[in-house]
Amino acid sequence: MFSDELAKISWEDSTRAIYSKTSTDVERALGKEHLDVNDFMALISPAAEPYLEVMAQLSRQYTLQRFGKTISMFVPLYITNSCTNHCIYCGFQHNNPIARVILTEEEIVNEYKAIKKLAPFENLLLVTGENPVAAGVPYIERALQLAKPYFSNLQIEVMPLKAEEYERLTHSGLNGVICFQETYNKANYNIYHPKGMKSKFDWRVNGFDRMGQAGVHKIGMGVLIGLEEWRTDVTMMAHHLRYLQKNYWKTKYSLNFPRMRPSEGHFQPNVVMSDRELAQLTFAFRIFDHDVDISYSTRESAEMRNNMATLGVTTMSAESKTEPGGYYTYPQALEQFAINDSRTAIQVEKDLKRIGREPVWKDWDQAFDR
Ligand code: SF4
């Protein structure tokens with residue numbers, strides 16, 4: 001399990017190592033085709049900041065070689081904001097006195113129909129809070145079954161499950177699972193996740209092993225930028241990616257590193273990542289791993305998403321609603337977080353075409369039959 005591997009890696013030593021990288025380390029990393037995590041640390045370090053343009057060109061080249069000009073589009077659908085967890089940065093956290101919604105089957109289907117009217121989305125990401133009793137595996141399973149006539153690629157972002165539960169959902173069309181570890185800093189993890197199942201660090205971090213064991217086709221990993229020192233956090237994610245690739249080599253992987261946006265909980269980010277740093281991180285991950293899918297959500301601005309669509313990003317959401325039933329049933333309810341890019345999906349498509357990209361509505365593997 002990855003928790004055993006992580007226990008061998010010191011957070012403090014990693015931070016020190018990143019901040020002691022030099023231009024020699026950066027140039028050595030840039031000269032390699034197959035990078036290790038140590039090289040990745042050089043590319044995200046302050047020492048690499050003067051190399052941003054070189055990194056951008058390398059990242060563009062690897063992305064074109066592996067993905068062509070295409071950007072895979074997806075849409076998230078929140079089917080419930082009911083949650084037993086207490087993540088202090090989230091508007092859906094248990095103690096927040098908001099109206100709780102668990103969409104009925106009829107409401108879920110109405111959402112699917114409304115999404116299909118926006119754009120020809122085939123990639124659906126079903127999102128829930130974490131309430132295993134009221135909206136657990138049978139509820140998610142039913143939502144997947146109902147989605148099958150409308151979408152050809154189904155992913156979920158829900159509470160970590162048992163391996164047999166992931167396996168069960170694959171029989172209802174589940175193709176991918178996204179889970180945010182949020183932060184790999186185990187010592188501080190419970191500051192942000194004080195109660196509920198999400199407070200159990202090892203259960204969450206080992207959930208990726210259970211996805212691999214269950215044969216989930218695609219695993220999405222994520223760090224929430226704004227909690228801890230971001231350079232160290234993404235270094236741990238790079239270790240995790242390599243570990244998973246070694247142990248579950250048939251699985252495809254995607255990476256997410258959204259920057260925190262204001263939410264109802266009034267939590268202010270501890271760490272602010274600049275646009276330049278976000279670009280540096282994106283390039284570093286592409287140079288580190290040529291094949292991994294890199295995803296940007298609507299938390300990022302239209303300008304940032306357009307720029308990075310030519311330089312390393314391969315998957316994007318569009319016209320996202322971050323409230324349950326936001327496309328049809330409850331368009332005015334509380335959002336989980338505020339989005340930054342409010343363009344319609346069709347506008348996003350037009351903008352991507354204008355800059356020479358080819359938006360595809362199917363998943364990568366479906367689009368290219370890989
Ligand atoms: S981040 Fe997810 S698990 Fe945490 S409170 Fe929000 S909805 Fe619940």
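Relative to the longest principal axis of the Cα atoms of the chain, helix 105-118 runs at roughly 50 degrees. With the Cα gyration tensor of segment 1-123 giving a ≥ b ≥ c as the square roots of its eigenvalues, does the rule (a/c under 1.5 for rounded; else a/b larger than b/c for prolate; else oblate) give rounded, prolate or oblate? Cα axes put segment 1-123 in the oblate bin.
The listed residues 357, 16 rank as 16, 357 when sorted by accessible area, largest first, using a 1.4 Å probe. Any chance you could give the angle, 0 to 90 degrees and rounded to 10, that helix 275-288 forms with the longest Cα principal axis of the chain? Relative to the chain, helix 275-288 is tipped by roughly 80 degrees. Within the listed set 319, 53, 228, the residue fluctuating most in the Gaussian network model of the chain (springs between alpha-carbon atoms under 10 angstrom) is 53.
Length available on full extension from residue 3 to residue 23: 0.36 nm per residue minus the Cα-Cα distance, which gives 4.0 nm. In whole Å, how far is the Cα centre of segment 108-181 from that of segment 1-40? If you average the Cα positions of each part, the centres end up 35 Å apart.
Across the accessible surface of segment 2-368, with the other protein chains kept in place and a 1.4 Å probe, carbon and sulfur atoms take up 50 percent. As a length-normalised measure over Cα pairs under 8 Å and 6 or more apart, the relative contact order of segment 35-138 settles at 33 percent. If I model a spin label as a point 7 Å beyond the Cα along the Cα-Cβ vector, how far apart are those points for residue 266 and residue 12 in nm? Roughly 3.5 nm, to one decimal. Which of rounded, prolate or oblate describes segment 41-104 when judged by the alpha-carbon gyration tensor and an a/c cut-off of 1.5? The shape class here is oblate. As a calculated quantity, the FRET efficiency between residue 199 and residue 49 at R0 = 30 Å, using C-beta atoms, amounts to about 0.25. Under a Cβ-Cβ limit of 4.7 Å, which cysteines in the chain have nobody to pair with? Within the chain, the cysteines lacking a partner Cβ under 4.7 Å are 83, 179. Across segment 219-286, C-alpha contacts under 8 Å between residues 6 or more apart give a mean separation that, scaled by the residue count, equals a relative contact order of 48 percent.
Rolling a 1.4 Å probe over the protein heavy atoms gives segment 2-368 an accessible area of 39 Å² per residue.
Give the shape of segment 159-309 as rounded, prolate or oblate, defined through the alpha-carbon gyration tensor: a ≥ b ≥ c are the square roots of its eigenvalues, a/c under 1.5 means rounded, and otherwise the shape is prolate if a/b is larger than b/c and oblate if not. In terms of gyration-tensor shape, oblate. With all protein chains in place and ligands, DNA and RNA left out, the 1.4 Å accessible area ranks 75, 360 as 360, 75, largest first. Longest stretch of the chain clear of exposed loop sites (chymotrypsin sites (Phe, Trp or Tyr not before Pro), DSSP loop, at most 15 other Cβ atoms within 10 Å, sites excluded): 1-248.
The values are calculated or read from the model by the stated rules, or taken from the named source; none is laboratory data. Fair warning: this is a prediction, and the values are worked out from it, not measured in the lab. Every residue, glycine among them, receives a Cβ derived from its backbone with ideal geometry; neighbour counts consider all protein chains shown. With ligands, DNA and RNA removed, areas are computed over all heavy atoms of the protein, side chains included. Shrake-Rupley method; radii C 1.70, N 1.55, O 1.52, S 1.80 Å.
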